[in-house]
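The values are calculated or read from the model by the stated rules, or taken from the named source; none is laboratory data. Computed from a predicted model, the values in this text were never measured in an experiment. Reconstructed Cβ throughout: ideal geometry from the backbone, glycine too, with neighbour counts over all protein chains shown. Side chains are part of the model used for accessible areas, which takes the heavy atoms of the whole protein and leaves out ligands, DNA and RNA. Shrake-Rupley method; radii C 1.70, N 1.55, O 1.52, S 1.80 Å.
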Amino acid sequence: MKAAFLLLALALAECADAQFAQGPSINPGGVVNAASYGASVAPGSIAAVFGDLLVNSPTVASRVPLPIELAQLSLLFGEEPAAPLFFASSAQTNIQVPWELDGHVSPALTGSFNGLAGTAQPVDLVAYAPGIFTTNNQGTGQGAILDPSYRLVDANHPAAPGITALLIYCTGLGTVTSPPATGSAAEAANETLVTPTVLVGGVPAPVLYSGLAPGFVGAYQVNVLTPAHAPAGIAVPVTISMGGSTSNIATIAVQAAAAGQDSDSRADALLAQMTQDEKIQLLHGIGGPVTQQVPLPRGGAGYVPGIQRLGIPSLYLADGSVGLGNGVGPATALPSSIASAASWDPNLAYRYGTVIGSEMRAYGMNVNLGGNVNLIGREPRDGRTFETKGEDPILAGRITAAHLRAIQDQHVIGGIKHFALNDQETWRTSTDARIDERAARETDLLAFEIGIKDSNVQSVMCSYNLVNGTYACENPHLLNEVLKRDWGFKGFVMSDWWATHSTATAAVAGLDQEQPNPAFFGSLKQAIASGQVPQSRLDDMAHRILRAMFEAGLFDHPESLGPIDSAVDQAIAQQAEEQGAVLLKNAGGQLPLNAGSIHSIAVIGSHADIGVLSGGGSAQVSPTGGAALSEQPPCPPCWGGIVWDPSSPLAAIRTHVPNAVVQFDSGTDPAKAAALAATAEVAIVFVSEWTSEGMDSPDLNFEGQDALVAAVAGANPHTVVVAENGGPQVMPWLAQVSAVLEAWFPGQRGGEAIANLLFGVVNPSGKLPITFPAGVADLPRPTIPAPPDGSSIFPVNYSEGLKTGYKWFDANQMTPLFPFGFGLSYTTFAINNAKLADRMISNRPGFDVTFDLRNTGSVAGAEVAQVYLGLPAAVGEPPRRLVGWQKVLLSPGALQHVTISVDEADSSHPLSYWDEGTSRWLTAPGTYTVYLGNSSANLSVAGAFQVSQ
Ligand code: BGC
């Protein structure tokens, strides 16, 4: 490229005979922008100076830093600074206008030849003036615009729309960079702070880079992607505009858009231009929050540097299960994602995902690590339950898909994790999940399958644990066969942090990217050279990552950093909590509280005077406005911290009853709290249980708070419990209290949402996405499995197989504390006229359930009507599986006719079972029974249908 650039400088020269007279003379108005030949010359840009310069023969500077004297010629602005010279001839010299002149308007330029000074000539400087270099010396026509192989983009090498990156050499963008010392080599990484607008054939082009041209002094480079819809032609105009000033017009050749320019062909076109090192560069992170090998440029959890030459953007990775995590910056703390699942509302879940995606984008983070869809009912004590979407594969898969679709719609690569069967935190790196293929496919894997297929998510994070004897991140069955072959996943697999255990084994098994550092994938070059990893596999790894970038729009929608829209996002956070909180008990219509008649309330416990609890670990959000309280974490997990989000339930309650006496007690002394409760008409006790990545709860109790609730309930017959926690809990005091509201970790508008729910401004409509067992003794594994020697790999036998969550309780005819799908409302609903129509859709079995849903109470409210299916007995499935639902909002007395359709071809395989013999989903002949109701434990038969042989 240097050669091309020097040729360009030479081409700008005009030869004339050297003259020896007084001193060099500069033509009036003879200093022009060297690129555009316009009079708009800016500090830092390259200028051509015309006149009688006395130089004997044309001379080109041969090195950087550029000399300030060339062929005995020097050019001085005032006494100084002297201009660095690229080229000198008798009639023209090319200079860089010194940075020191920034702010000067009309400095005088004097030429000096062999010590003999000429007459000064004023030079009009402008703040900025883009100029594109052209090949015809006049700033018009064919641009000096190169493709990534440094070829002129002309009729011989036309740009491919949507594929070819254009390297536009220009000048005059000076004021937007910090000036380098005059004459020093430009820094490649010195990006401009303002992004120019580049039009190709009048169509805005995504800007990939804008800054100093690597290796040149004073020249700028703007890299853009040829817009996908650029017009074809051999002289398509290109302009650069900045701050209202537009450059000269340079032309390039653009070929007609090829048919089917999908992400795969775009990725292939880029891949074809990459060196082996560049490919490998994409296949691992180069830092990590713990190793700190390389500081992460924007914080977060990981960083993969891009390839500037080809316009490939860097990847900035951050967690985001419940809001943007990793302390990237203040972000909206959403209610935990299990609350999002409890809304049973994919549209609201989409808005939840939009908050995460848009805030990631605002911070310049473009890979989300948030879609935790583990724990399909196997281990409710897992410390990360709050990040998940509960125990049912279909509900969890669909809610996750909605989150991920929304995130990718913000041009952030979505991530689903942890693949797979990462169902306990304790010993997560040495747990070997043992499970048969059918059970895996129909439970944990099914949630991933739905989440992936319904969202087009582009990255999958493999997990720490082993599955059937092989680490998940080098498990060819999981990665190559299930994910990539059977589900047709075309994105990339990244490892969980330090979950990679090998180079060749992992690469060949299907791992595409190691995080957070190159501990193993740093050796890929050797593994290729020695034949352990085929070149085709390496290409596939890089292709998948590039494809993901195209698919999520990282090329077509370049980053735009800016403030988050906090007001909008907090409103969504509040709505998600209001729709996701679950009313578990409401004896005697204790709730809603009547703001008009209540005189005194005792608010007790869980720092309800200042905030609400959040879950810990990598999902932790740093809430906007700062934490209400931060506490040291217990051990385990021994890291992170306990963060109380800044939303005071006490303050929010007071706004509903400004004239009532609302008093607070910390709850640390049950007797004192009971004494306060005894003085009030209603006592509201906040109980909380902190959970985090890196730990599991030994039991399901609210640690140290059962005595508090019992004491308060003993003192006040109108005791309402508000629970802040991440998953199922047991409630030994349940019979003694009037009402229980499950608020989950409520997010930073939780206080307001809880108060609205307590006072009936919002009618609760959340339904449990996970069974609350009566006690740990009822779980498939009453004790969390641990390695016998405390360290080595050990099996966890998932012998419950298909029977996870409510299916376990149904199959064993056990009554849980609260069943899956359960949640109360302040109104009542009736389901009538249920009818079943079985039908064939393109020769596939399916059915419609129709019914009338009526609000039979006196306030508006939403009900979640749920459809479950019993498969033919011979198939050996648990009694019922959820196959569909609809959430319907109804005014008092209103009736809606509802249809819920179920199709065999849905990604959830609602009618089918996994047949190990043929390794396929099959729909068995026999009788299928359809159930309709409002929880897994409150169902009526809607009908039955036959599938014939
Ligand atoms: C967690 C992942 C997380 C990663 C990066 C790991 O400890 O298991 O869920 O995305 O860290 O923060």
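Details
- Residue satisfying condition, being closer than 30 Å to Met274 by Cα and either under 46 Å from the mean Cα position of the chain (by Cα) or touching a residue at least 12 places away in the same chain (Cβ under 8 Å) (or both), within set Thr93, Thr140, Thr110, Thr135: Thr135
- Of everything listed in (1) outside any helix (DSSP H, G or I); (2) away from the ligand (no atom under 16 Å from the Cβ); (3) among the hydrophobic types (A, V, I, L, M, F, W, C), the single unmet condition for Ala519 is (2).
- Flag: Gly943 matches the condition of being touching a Leu at 6+ places or on another chain (Cβ under 7 Å) and either farther than 24 Å from Thr804 by Cα or open to solvent by 60 Å² or more (accessible area, probe 1.4 Å) (or both).
- Residue within segment 472-480 that is under 22 Å from the mean Cα position of the chain (by Cα), more than 16 Å from the ligand (Cβ to nearest atom) and crowded, with 18+ Cβ neighbours inside 10 Å present: yes
- Scan of segment 252-305 for residues that are β-branched (Val, Ile, Thr), at pLDDT 95 or above and assigned to a strand (DSSP E or B), ordered by number: Ile252, Val304
- Selected residue (criterion: most open to solvent (accessible area, probe 1.4 Å)) from residues of segment 319-336 that are more than 14 Å from the chain's Cα centre (by Cα) and within 16 Å of the ligand (Cβ to nearest atom): Gly327
- The C-beta contact set for segment 603-628 (first residue over 14 Å from Gln748 (Cα atoms) and free of Cβ contacts under 8 Å to residues at least 40 places away in the same chain, second residue open to solvent by 30 Å² or more (accessible area, probe 1.4 Å) and more than 16 Å from the ligand (Cβ to nearest atom), distance under 7 angstrom, 6+ apart or interchain) is empty.
- Residue list for segment 458-470, filter: away from the ligand (no atom under 14 Å from the Cβ) and either buried (at least 19 other Cβ atoms within 10 Å of the Cβ) or part of a loop (DSSP other than H, G, I, E, B) (or both): Gln458, Leu466, Val467, Asn468, Gly469
- Among (1) touching a residue at least 40 places away in the same chain (Cβ under 8 Å); (2) part of a loop (DSSP other than H, G, I, E, B); (3) in contact with a strand residue (DSSP E or B) (Cβ under 8 Å, 6 or more places away or on another chain), the one test that Lys490 misses: (3)
- For segment 609-642, the set of residues classified as within 16 Å of the ligand (Cβ to nearest atom) and hydrophobic (A, V, I, L, M, F, W, C) consists of Ala619, Val621, Cys638, Trp639, listed by residue number.
- Of all the criteria given as (1) more than 15 Å from the ligand (Cβ to nearest atom); (2) more than 30 Å from Ala159 (Cα to Cα); (3) touching a residue at least 12 places away in the same chain (Cβ under 8 Å), the one not satisfied by Pro295 is (3).
- Ala35 being in contact (Cβ under 8 Å) with a residue 24 or more places away in the chain, under 24 Å from Ser247 (Cβ atoms) and open to solvent by less than 10 Å² (accessible area, probe 1.4 Å): yes
- Consider segment 481-502 and keep the residues that are of a type outside the set (A, V, I, L, M, F, W, C) and buried (at least 24 other Cβ atoms within 10 Å of the Cβ). The one that is farthest from the ligand (Cβ to nearest atom) is Gly491.
- Residue, modelled with the lowest pLDDT, within segment 65-87, restricted to residues that are over 53 Å from the mean Cα position of the chain (by Cα) and of a type in the set (Gly, Ala, Ser): Gly78
- Selected residue [open to solvent by less than 70 Å² (accessible area, probe 1.4 Å), at pLDDT 95 or above and not charged (D, E, K, R)] from Gly823, Gly790: Gly823
- The set of residues from segment 828-845 being crowded, with 20+ Cβ neighbours inside 10 Å and under 39 Å from the mean Cα position of the chain (by Cα) comprises just one member, Pro845.
- Residue in segment 306-318 that is farthest from the ligand (Cβ to nearest atom), counting only those that are open to solvent by 10 Å² or more (accessible area, probe 1.4 Å) and not in a strand (DSSP E or B): Arg309
- Close pairs (7 angstrom Cβ cut-off, 6 or more residues apart or separate chains): over 11 Å from Thr815 (Cα atoms) in segment 770-788, of a type in the set (S, T, N, Q) anywhere: Ile784/Gln424; Ile784/Thr426; Ala786/Thr426; Pro787/Ser430
- Checking the stated criteria, Ile452 turns out not to satisfy the condition of being of a type in the set (Val, Ile, Thr) and within 15 Å of the ligand (Cβ to nearest atom).
- Answer from Pro658, Pro698, Pro634 - the residue that is surrounded by fewer than 24 Cβ atoms within 10 Å (Cβ to Cβ), within 24 Å of Pro732 (Cβ to Cβ) and out of contact with any helix residue (DSSP H, G or I) (no Cβ under 9 Å at 6 or more places or on another chain): Pro634
- Filtered residues of segment 875-914 (kept if among the charged types (D, E, K, R) and without any contact (Cβ under 8 Å) to a residue 24 or more places away in the chain): Asp906
- Restricting segment 715-732 to residues that are assigned to a loop (DSSP other than H, G, I, E, B) and in contact with an Asp or Glu (Cβ under 6 Å, 6 or more places away or on another chain), the residue that is least open to solvent (accessible area, probe 1.4 Å) is Asn725.
- Residues of segment 887-895 include none that is open to solvent by 10 Å² or more (accessible area, probe 1.4 Å), assigned to a loop (DSSP other than H, G, I, E, B) and within 20 Å of Ala944 (Cβ to Cβ).
- The residue of segment 918-938 that is farthest from the chain's Cα centre (by Cα), among those that are part of a loop (DSSP other than H, G, I, E, B) and within 17 Å of Asp392 (Cβ to Cβ), is Ala937.
- Exclusive hit being free of Cβ contacts under 8 Å to residues at least 24 places away in the same chain and at negative phi, set Arg405, Arg441, Arg485: Arg485
- Evaluating Thr679 against the criteria (1) away from the ligand (no atom under 16 Å from the Cβ); (2) closer than 26 Å to Ala362 by Cα leaves one unmet condition, (2).
- Filtered by the rule that a residue be in contact with a Ser or Thr (Cβ under 7 Å, 6 or more places away or on another chain) and either outside any loop (DSSP other than H, G, I, E, B) or without any contact (Cβ under 8 Å) to a residue 40 or more places away in the chain (or both), segment 585-599 gives Ala587, Gly588.
- Scanning segment 907-933 for residues that are closer than 12 Å to Gly884 by Cα, open to solvent by 20 Å² or more (accessible area, probe 1.4 Å) and among the hydroxyl-bearing types (Ser, Thr, Tyr) turns up just one, Tyr931.
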